[in-house]
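S.K.: Below is a structure I'd like to ask you about.
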Amino acid sequence: MRNRCFYAGMISVLLSLFLSTSVWASTWYGPDGNPVKIEYWAGTGSNEALLVIEFGEEEDTPEYAFGFRFDGTATGWDMISAVDEAGSLEVDATYYSGLGYFINNFYYDGHSGDASTWWEYSVAESDPDFHFPESGWEWSSVGCSSRTLENGSWDGWRNPYGSGGPEIPTVPIPAAVWLLGSGLLGLIGIRRKRA
């Protein structure tokens with residue numbers, strides 16, 4: 001009876017541990033393999049794309065990621081405007097007939113870019129498993145109004161222009177979770193040896 005209670009308790013602890021970390025299984029992963037810290041999601045649909053914005057090139061410059069869900073056809077501008085409407089990211093853009101939208105500046109969490117220079121628009125290959133591709137960021141040859149999103153698209157903006165794609169904000173998997181899990185597995189192994 002005692003063994004059954006022990007194993008039932010261990011199974012419930014491991015199950016809750018698995019469920020608490022399984023949230024990461026469907027998240028986006030940065031180049032370091034850790035989950036991307038997404039500020040909030042905008043839109044609805046079965047496809048997902050990610051908008052990453054970095055406010056400068058200094059070491060301590062903040063970067064933010066925003067998720068976008070959509071069905072059918074959507075563009076980079078659709079993602080930006082949906083994220084703008086859904087939360088506290090603000091976008092200053094100008095529309096040019098025949099060309100589309102030009103981003104003047106982004107504002108979020110007390111940060112803004114240098115308005116005296118351009119924002120660089122970069123894209124990364126789509127990955128339906130939501131892992132950042134090894135090929136990294138590439139300068140976009142089209143504007144955000146002409147960029148067609150796919151499930152797993154990565155769009156990045158960094159200020160100033162010419163500084164490369166933005167850094168991706170990730171969240172390290174807490175070492176305590178892994179330590180607890182490995183400790184529990186070790187206890188199960190010791191318990192089995194004794195029995």
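The values are calculated or read from the model by the stated rules, or taken from the named source; none is laboratory data. Since this is a predicted model, take the numbers as computed values, not measurements. With ideal geometry, Cβ positions are generated from the backbone for all residues, glycine too; neighbour counts draw on all protein chains shown.
S.K.: Inspect segment 59-77 for any residue being touching a Ser or Thr at 6+ places or on another chain (Cβ under 8 Å), over 15 Å from D155 (Cα atoms) and surrounded by 13 or more Cβ atoms within 10 Å (Cβ to Cβ) and give the result as yes or no.
M.R.: No, that holds for no residue.
S.K.: Inspect all residues belonging to segment 151-167 and state whether any of them is in contact with a strand residue (DSSP E or B) (Cβ under 8 Å, 6 or more places away or on another chain), surrounded by 12 or more Cβ atoms within 10 Å (Cβ to Cβ) and modelled with pLDDT under 70.
M.R.: yes
Residues checked against (1) over 16 Å from D78 (Cβ atoms); (2) not in a strand (DSSP E or B):
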| site | (1), (2) |
| --- | --- |
| A115 | yes, yes |
| W118 | yes, yes |
| D129 | yes, yes |
| S135 | yes, yes |
| G143 | no, yes |
| S146 | no, yes |
| E150 | no, yes |
| W154 | no, no |
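S.K.: For a quick check of your reading of the model, give me the residue pairs whose first member lies in segment 62-87 and is under 20 Å from T170 (Cβ atoms), whose second is acidic (D, E) and surrounded by fewer than 21 Cβ atoms within 10 Å (Cβ to Cβ), with beta-carbon atoms closer than 6 Å and at least 6 apart or on different chains.
M.R.: E63/E167; Y64/E39; F66/E39
S.K.: So, one more: Kindly evaluate D109 against the criterion of being in contact with a strand residue (DSSP E or B) (Cβ under 8 Å, 6 or more places away or on another chain), under 21 Å from W28 (Cβ atoms) and among the charged types (D, E, K, R).
M.R.: yes
S.K.: Also: Output the residue which, of all residues in segment 168-195 that are among the aliphatic types (A, V, I, L, M) and in a loop (DSSP other than H, G, I, E, B), is modelled with the highest pLDDT.
M.R.: Step by step, filter segment 168-195, then rank; the result is I168.
S.K.: Of the residues that make up segment 128-142, is at least one closer than 17 Å to A82 by Cα and touching a residue at least 60 places away in the same chain (Cβ under 8 Å)?
M.R.: Within segment 128-142 (the criterion being closer than 17 Å to A82 by Cα and touching a residue at least 60 places away in the same chain (Cβ under 8 Å)), the answer is no, since none of the residues qualifies.
S.K.: If you scan segment 25-46, which residues turn out to be over 14 Å from the mean Cα position of the chain (by Cα) and within 18 Å of E85 (Cβ to Cβ)?
M.R.: Hits for segment 25-46 are G43, T44, G45.
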